[in-house]
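This report refers to the structure that appears directly beneath it.
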Amino acid sequence: MMLWNKEIAKKVYDILKKEHKIEIEDYVSLWAYVTYKDPFKVLIATILSQSSTDKAALKSFKKLDEKIGVNPENLAKASIDDIREAIKESGLQNQKAKAIKEIAERLREMNIKELMEKDLKVAREKLIELPKIGYKTADVLLATFNKNILPVDTHVERVSKRLGIVRKEAKYEEIRKTLEEIFPQNTWHDIHLLFIAHGRKICKAKKPLCNSCKLFEYCENPKTQIRV
């Protein structure tokens, strides 16, 4: 078993940085941030990406903005049916439409821009009080607005476990804290995006391309043993 440390983590970061180019439209939350610099829009984009592809989430976001307008006032007034119809391509549209409307209603009372200026812990706990917002969605929003936190999505979790950085049984907070310990703070946002890219393109859930993986020598996934 490899003992992960900051030196190995730096090598892995350098390899991934060289291997994967970050395209803004491949990450709907990042796209929303770059396009609008509006935390409410980034939050809605991130919700749409749940159990969906970023491509489908981006299409749904654009349609929602075109048909209704992605702001608390318009979405709070809109019917759930209209929201559902606009976002159906992202999947789970019934749950997401209901959550988006409720979030919009609540955020008309709460200034989300002011919330983003609060202490990380305070902002994080306030965000997860909202419907359909867990730590991952909250952390993506916080990290996008330069809070010092490393979000863990399904790709980040899978890559971290296959590389042996964390235990197979590790849950969200253990994974996040472990990654934050071994990677420099100024790389956390990049690591989040690079692990996603690696998980999508190489370290796939069902058929990982182990023979093409530049991280082969650091990986503890048994499937990599087929490489010669």
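Only the coordinates and a few stated rules stand behind these numbers; no lab work does. Everything quoted here is computed from the prediction, not taken from an experiment. No Cβ is skipped: glycine too gets one built from the backbone with ideal geometry, and neighbour counts run over all protein chains shown.
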What order do you get for 81-94, 147-160 when each peptide is scored by the mean count of other beta carbon atoms within 10 Å, highest first?
-> 147-160, 81-94
Per the Kirkwood formula on distinct C-alpha pairs, the Rh of region 38-144 is how many angstrom?
-> 13.5
Find, to one decimal place in angstroms, the Kirkwood hydrodynamic radius of region 1-82, where the mean of 1/r is taken over every pair of different Cα atoms and then inverted.
-> 14.9
Pairs beyond 20 Å (Cα-Cα), from 6/214; 161/214; 101/171; 96/206 | 101/171; 96/206
Interchain or long-range residues, amide H under 5 Å from residue 220's placed H | 163, 164
For the chain, calculated [θ]222 nm from helices alone, where every DSSP H run of n ≥ 4 adds -39500 (n - 2.57) | -17500 deg cm²/dmol
Taking the highest mean first, how do the peptides 136-142, 210-216 order by number of other beta carbon atoms within 10 angstrom per residue?
-> 136-142, 210-216
